[in-house]
Amino acid sequence: MANYKLIGKDFIPPDLVGKVTGKAKFAEDFRAQGMLFAKLLRSPMPHGKVRKIDSRKALAMKGVAAILTADDVPKVKPPIEPMLTNEPLYAGEPILAVAAVDETTAAEAIEQIKVDLQPLPFVIDPLESLRPGGPDARSEGSPPRSGSTEISMEVSPRLT
């Protein structure tokens with residue numbers, strides 16, 4: 001049973017003074033020796049294929065520890081989303097990650113990386129992708145569905 005003894009009552013949280021005076025410590029305030037910061041380079045387009053990544057300038061920067069791409073992380077099968085991808089399926093999907101000694105260095109390294117992305121067709125209307133001959137959101141086709149392979153759908157007119 002839930003404990004509701006504080007509902008409707010005035011009380012002082014134990015960390016009130018620390019928060020008001022700025023002496024309270026938050027997760028962002030702690031630094032471990034050897035700690036690195038990560039920044040992601042995200043896809044600027046809704047669907048594309050990474051043709052080439054040039055990270056030489058970023059890797060040469062002082063304070064950059066590593067750059068991870070989709071080739072460096074374990075592969076997963078749909079519908080599980082990968083951590084990093086060579087074929088972003090939506091704008092903002094992570095393509096690579098930079099680890100550096102601080103956030104500023106990681107952000108500056110991201111700016112130095114050149115990614116050659118080939119634009120691919122993308123799907124806006126999910127119903128269009130279900131129609132025979134409709135566009136596929138993935139270049140290898142849609143993931144297999146469990147159960148029947150036939151699709152029946154009733155399309156309602158859009159409300160205006």
Original post:
Quick one: in the stretch 115-134, which of the residues that are under 17 Å from Asp71 (Cβ atoms) and in contact with an Asp or Glu (Cβ under 9 Å, 6 or more places away or on another chain) is surrounded by the most Cβ atoms within 10 Å (Cβ to Cβ)?
Top reply: Val115
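Just the residues that are hydrophobic (A, V, I, L, M, F, W, C) and either surrounded by 10 or more Cβ atoms within 10 Å (Cβ to Cβ) or at pLDDT 90 or above (or both), please, taken from the stretch 1-31.
Quick first cut of the stretch 1-31, residues hydrophobic (A, V, I, L, M, F, W, C) only: 1-2, 6-7, 11-12, 16-17, 20, 24, 26-27, 30.
Result: Leu16, Val17, Val20, Ala24.
Among the residues of the stretch 11-65, which ones are β-branched (Val, Ile, Thr) and either touching a residue at least 40 places away in the same chain (Cβ under 8 Å) or in contact with a helix residue (DSSP H, G or I) (Cβ under 6 Å, 6 or more places away or on another chain) (or both)?
At the first step, the residues of the stretch 11-65 found to be β-branched (Val, Ile, Thr) are 12, 17, 20-21, 50, 53, 64.
Within the stretch 11-65, Val50, Ile53, Val64 qualify.
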Original post:
Between residues in the stretch 122-138 that are farther than 22 Å from Gly48 by Cβ and residues that are surrounded by fewer than 13 Cβ atoms within 10 Å (Cβ to Cβ) and of a type outside the set (Asp, Glu), which pairs lie under 8 Å by C-beta distance while being six or more apart or on different chains?
Top reply: Leu127/Met153; Leu127/Val155; Leu130/Ile151; Leu130/Met153
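Hey, does the stretch 98-108 have a residue that's out of contact with any helix residue (DSSP H, G or I) (no Cβ under 6 Å at 6 or more places or on another chain), of a type outside the set (A, V, I, L, M), over 30 Å from Pro121 (Cα atoms) and crowded, with 17+ Cβ neighbours inside 10 Å? Working first, answer last.
Of the stretch 98-108, the ones out of contact with any helix residue (DSSP H, G or I) (no Cβ under 6 Å at 6 or more places or on another chain) are 99, 101-108.
Of the ones still in play, those that are also of a type outside the set (A, V, I, L, M) are 102-105, 108.
This time we only want the ones that are over 30 Å from Pro121 (Cα atoms), so: 102-105, 108.
Still in the running and crowded, with 17+ Cβ neighbours inside 10 Å: 105, 108.
Scanning the stretch 98-108, I find at least one residue that is out of contact with any helix residue (DSSP H, G or I) (no Cβ under 6 Å at 6 or more places or on another chain), of a type outside the set (A, V, I, L, M), over 30 Å from Pro121 (Cα atoms) and crowded, with 17+ Cβ neighbours inside 10 Å, so the answer is yes.
The values are calculated or read from the model by the stated rules, or taken from the named source; none is laboratory data. Since we're looking at a predicted model, the values are computed, not measured. Cβ: placed from backbone, ideal geometry, glycine included. Neighbour counts: every protein chain shown.
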